[in-house]
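Reading through the structure tokens given below for one structure.
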Amino acid sequence: MLLDEDSHLLGTATPLSREADDARPAPAKVQKYLTSLADAYGLPAEVIHAVAQTESGFDTGKVRTVVQPFRAGVFSEGDFASGNKAYGVMQLRDDQIGKTVRDADGSTFQIGVNVKTDWRANARAGVALLNQHYQLATLENPFGAEQERAQKAYSGYSGGAPFRDRYLQTLPYSDLPAHPEDRAFLQTLQDAPTAATQQTPSQSQAQGTSQSNAVSSGQSGSSPLPGPLQRLKENPGNLFFGDRGTSNPTPGATSPQLRFSDQNQRTPPKPSLLNLAPLFRSGPDTSPVSGSSALPRPLQRLEQNPGELFLHKPLGRETRPGEIEYDDSLRQGGSRNWRNNNPGNLAFSPWAAQHGAVGNDSAGFAIFPSLSQGEEAQRELLTSRNYSGLPLEQAIRRWTTNDPKAVQDAYIISVVQRTGIGRNTILANLSPDQLSKIQDAMKIQEGWREGTVVQKRKFTPFNLMP
Amino acid sequence: MKTPFPCRHAVALVLAELFTLFGAAVSGVPQQNLAFSKFVFTQRVSIPQTGANLAGWNFSLWQGRIQNEKSPALPAKLCAVQAESRSHAQEICYEGRAGNDIFPQQAEAKPFVIRGSPPECQAILFQAVSSWGGSGWGRLLALLVPDEPNRVLRNLLPDVVVSNQGESRFWDEPTFSPYRLLTVADVVGDGGEAHFTEHLYKIRTYAYREDRGSFLLIDEYKTSKKYASLDETDKIDVLGPEHAVIRRRILSLKPMVASEERQKWYPWDRNEDPKAYE
């Protein structure tokens, strides 16, 4: 059972004031409770906040009649029953009352009728339902983008399980979802402050110095661009199209009420050039992440590297067996670890993706955009907790897990002979130079053999001319 | 005590694998095992409720968790509960473990016919992967049936793990056994070889023995030639070229016929060495 983090705040309140406070809690209080639920379930708080914002605008007293949606004449499981009403901050429906869901601690509970009146019960049940969709979306596409996972979860939550892919239907001339609720959710999500910005003023003050340092040292490199910039980066063509969907909303659509917090009050972004204008204004109010410079952090990066706006994710994909295509070249033949820029033959996994892998080949090995990134990922893995405490021999057995012992023995002998490092040496005790030697030996044992590099022709206005 | 799983009430099976959200009508009894919450529900495995030997059971598949900085690994698992049960306390589970290895990732489960000829028998084919991020990983294969008297989901197979350089295949040889056979090919180490170079392979074949209620190793040999591994190919293909050899070797054994015929055929019933088949 989750504890209400606010309970201590209510300790001195009279029963009457507490009741009044509980009946119509402030959005901030609802947000805080949702955040505690998010932590308990291990879900991103921004996603839950965006769902609550889209569904009810954090209005715990909101009740609406759910209009039966037209599904090409077919109503399948998950659709709303006719005459359904939706209640509260997470807009729980009549037909969801009585369903059994899992709490964050693994126990099951039944959604009760109190979701109509008790905003905490409503939030708890809503997050439990959302969690089902989110986990399913994660499992279906474990390496997918966070945003897509959230969109899929919301489509399932809002439209029912059979419509989890509803968000993929987009408006003509735009990459925004066609369904108004999906669109409102996406806009709210993209407009939401990142977790780093969701902190109290005192926390901001306390961390002010370190945050400035983080900006200057480039640690902010992984923070995404704001929604419009991100879409522009992916679809430069959006520069020339307005957002027809938002300007012509479907009747009955839930209009996004973007009052996430007073400090971040702004209108929903549209993927057009006009919407970039506010972001280029100097001044702290427009900055999604406070920094020492007048420009928001993503724009600081853009200022330094203007080309980044139109750069795409580095390419690394298997075009056919034995051939990997990169941005500037094709690698053909050779050994797998050479083709994949993956000297240690790391398996593709979420971990590998977080450490630079851009894809996998058909046998399941990671592809890195450059050899140095592949080497770096191998080094990171060997120095991670799963390996660093092991003797060299055990580390190699773990590296080649489930291989027959004789294959592992050959591997160990090869590495020990090539490096001169004892098989009982703990990896954590190796010097950087010794670790490099081990990596080199592993590269050879993994079969390193160079093949053919075919440079791709770059098309410029000059070489297109006859 | 092992109990031969019931295959008497078998009917035709339509394989179905549906992704459904967890919405079982359970009574709201709190789950006793808190570690349960760390597993991630994946899928309900649908069994046609038509009286087959798995009918009346609901199966759910749970992904495990790989080891990370904060928590140890948990194996993936398959759980079964009788449809009429109102409590998850009645649930029986099989966890993906083999020896000291645990298999948390990429768990899959589906109904699988292990005897096609009437009466039909089925089990749940469970697979999960073990990987430490390096160049080797393994896939655990299990054929699971509920063993109600012993309150377990019993694996009809011995520990069968196929490495990423290996290959496995179920196949039929009705003249030898009415049950499907499982054959696994995996590399044999030979000093001085690189990890994914050409290797010799060991071929193992397992067959179901009704009296034991499980699959047993009935044949094993090492290939006479080396086969390409992951440096030369994306898809290991050893069992295809070796099939003729495998079949010839299997057919040279005494057939595993129906139980009423068993007494006259099994060598261990004639005081021969039973280890030869185990």
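The values are calculated or read from the model by the stated rules, or taken from the named source; none is laboratory data. Predicted model, so just to flag it, every value in this text is computed and none were measured. Using ideal geometry, Cβ is built from the backbone for each residue, glycine included, and neighbour counts are taken over all protein chains shown. For the accessible areas, the whole protein counts, side chains as well, though only heavy atoms, and no ligand, DNA or RNA atoms are used. Shrake-Rupley method; radii C 1.70, N 1.55, O 1.52, S 1.80 Å.
Before moving on, here are some points about what is shown:
- Among the residues of segment A:333-368, those with an accessible-area drop of 30 Å² or more from chain alone to full protein complex, heavy atoms and 1.4 Å probe, are A:ARG336, A:ALA347, A:ALA363, A:PHE365.
- In this structure, the amide hydrogen of B:GLU173, modeled 1.01 Å from its nitrogen in the peptide plane, lies closer than 5 angstrom to those of B:LEU181, counting only residues at least 5 positions away or on a different chain.
- Protein heavy-atom accessible area occluded, A/B pair - total, 1.4 Å probe, Å²: 3900
- The value of relative contact order for segment B:169-257, using C-alpha pairs under 8 Å at least six residues apart, is 28 percent.
- Members of B:LYS202/B:LYS235; A:LYS443/B:LYS226; B:LYS110/B:LYS254 lying beyond 25 Å, as alpha-carbon distances in this model show: B:LYS110/B:LYS254
- Length gained when the stretch A:ASN429-A:SER388 is fully extended (0.36 nm per residue, less Cα-Cα span): 13.9 nm
- Backbone HN-Hα couplings from phi across segment B:104-119 [Karplus 6.51/-1.76/1.60, Hz, Gly and Pro as x]: x, 9, 6, 5, 9, 8, 7, x, 9, 7, 9, 9, x, 6, x, x
- Considering only alpha-carbon pairs that sit under 8 angstrom and 6 or more positions apart, the relative contact order computed for segment B:49-168 is 20 percent.
- Loop chymotrypsin sites (Phe, Trp or Tyr not before Pro), segment A:365-466 (other Cβ atoms within 10 Å of the site Cβ: 12 or fewer; DSSP): A:PHE459, A:PHE462
- Alpha-carbon radius of gyration plus Dmax, which is the widest Cα pair, for segment A:329-461 in Å: 15.6, 60
- Residues whose amide H comes within less than 5 Å of that of A:ASP118, counting only those at least five positions distant or on another chain, are absent (H built at 1.01 Å from N in the peptide plane).
- Close amide-amide hydrogen proximity is noted between B:TRP132 and A:THR401, each under 5 Å apart and 5 or more residues distant or on a separate chain (H modeled in the peptide plane; Pro and chain starts excluded).
- 3J(HN,Hα) along segment A:85-101, derived from phi through the Karplus expression 6.51 cos²θ - 1.76 cosθ + 1.60 where θ = phi - 60°, amounts to 10, 10, 10, x, 5, 9, 6, 5, 9, 3, 6, 8, 5, x, 6, 9, 9 Hz, with x in place of Gly and Pro.
- Using θ = phi - 60° in the Karplus curve 6.51 cos²θ - 1.76 cosθ + 1.60, the 3J(HN,Hα) couplings for segment B:54-61 round to 9, 5, x, 10, 10, 10, 10, 10 Hz; x is entered for Gly and Pro.
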